[in-house]
Amino acid sequence: MGSGAWAQGFRGGRIIRAGRTFLPTHPMRMRTSTLISMVLALSALIPGLRAQTARTLINNPEWVRPFPPFRMIGHVYWVGTYDLSTYLITTSAGHILVNAGLAQTAPQIATNVEQLGFKVSDIRILTATHGHFDHVAGLAELKRLTRAQLVMMAEDAPLLESGGQTDFRWGGDPDAAFESVKVDRRLKDGGTIALGGVVLTAHHHPGHTKGATSFTLDVRENGRTYRVGIMNMGSINPGVRVRGMPAYPTIGDDYARTFRAQKALTLDVFLASHASQFRMHQKYKPGDEYRAERFVDPKGYRGAVDELEKAYTSQLASER
Ligand SMILES: [Zn+2]
């Protein structure tokens, strides 16, 4: 989950699961806008309530809305839903799939892969940018469909194998739980996933989860090499205290280290775990022709990192 997605949940205006703290049991009987104003007004008035509202998991309709698959750059394709990123990276020796979305959208992803003319059975490697249900709940089903090897940053492997139960923030929350799945290979910072001449480098960018990961790869197009980043952005989920969580005391230092590392990373093509995080829908509409340059946005990347770092810094100050 990311804070952008959280905000979009409100914008989308469809609250699926009502809060266990103070929201009425049947929020759909109220006008959603009334409910939102109520929540916002209460949040402003009562300190600590913001954190409590965070317990409400909002299932964003944009997470499940289908989106036509398309070629992004070179051998990198979008096969995700409207907002949840799933990247297909094709090679001559089979394919790599980065992120799996929700359990209920796994069939969409499979259909998208086939719609592009590739075979789901040719997917050899599955991986993910972090172990929250909106990016990994579909892994179990996709692993059954593909029999692919599941590769994950070591620090998030326990999340996948416990079905989300070991998460420092959402562990024990049935709404954030998912079908557990066995990790076949664990990555370290700087580790690589190599297949058919394609090499993905895994960058450990912890904070959002303990094993949050960005991937970089080189894509040759138009006689030049583009540095592509599938970035896990340092957004902070509601209810997280960056001064330290009981199950994640070093979270603040990890976020700080991640922002430093991300600012030092030079990218041409900026992609991320959510479409909203790299403004995909401002850059591409279904049916637009293929352009290698479409997602080249080093400035947008830097700006997005800066914005999240500011949010982190101000939250850190407000927790003091
Ligand atoms: Zn997340």
Is it the case that segment 103-122 has a residue that's within 17 Å of the chain's Cα centre (by Cα), within 16 Å of the ligand (Cβ to nearest atom) and under 14 Å from Gly80 (Cα atoms)?
-> yes
Of the conditions (1) under 21 Å from His75 (Cβ atoms); (2) surrounded by 18 or more Cβ atoms within 10 Å (Cβ to Cβ), Thr192 clears all except one; give me its number.
-> (2)
Being out of contact with any Leu (no Cβ under 7 Å at 6 or more places or on another chain), surrounded by 17 or more Cβ atoms within 10 Å (Cβ to Cβ) and not hydrophobic (A, V, I, L, M, F, W, C) is the filter here, so list the residues in segment 301-314 that pass it.
-> Glu309, Tyr312
Hey, does segment 210-218 have a residue that's part of a strand (DSSP E or B), more than 20 Å from the chain's Cα centre (by Cα) and away from the ligand (no atom under 16 Å from the Cβ)?
-> yes
How many residues are in contact with a Pro (Cβ under 8 Å, 6 or more places away or on another chain) and in a helix (DSSP H, G or I) if we restrict to segment 256-289?
-> 2
When both residues are 6+ apart or on different chains and their Cβ atoms are under 6 Å apart, which pairs have a first residue that lies in segment 131-156 and is within 17 Å of Phe215 (Cβ to Cβ), and a second that is modelled with pLDDT under 95 and within 16 Å of the ligand (Cβ to nearest atom)?
-> His132/Met1
Check segment 78-94 and report whether any residue there is crowded, with 20+ Cβ neighbours inside 10 Å and assigned to a helix (DSSP H, G or I).
-> no
Flag for Arg291 being in contact with a Leu (Cβ under 9 Å, 6 or more places away or on another chain), away from the ligand (no atom under 15 Å from the Cβ), among the charged types (D, E, K, R) and farther than 21 Å from Ser214 by Cα = no
In segment 148-191, residues that are modelled with pLDDT of 95 or more and part of a helix (DSSP H, G or I) total 8
Please indicate, with yes or no, whether at least one residue in segment 227-248 is away from the ligand (no atom under 16 Å from the Cβ), open to solvent by 40 Å² or more (accessible area, probe 1.4 Å) and not in a loop (DSSP other than H, G, I, E, B).
-> yes
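The values are calculated or read from the model by the stated rules, or taken from the named source; none is laboratory data. Computed from a predicted structure; not experimentally measured. A quick note on method: Cβ atoms are made from the backbone with ideal geometry, for glycine too, and the neighbour counts reach across all protein chains shown. Heads up: the accessible areas ignore ligands, DNA and RNA and are worked out on the full protein's heavy atoms, side chains in. Shrake-Rupley method; radii C 1.70, N 1.55, O 1.52, S 1.80 Å.
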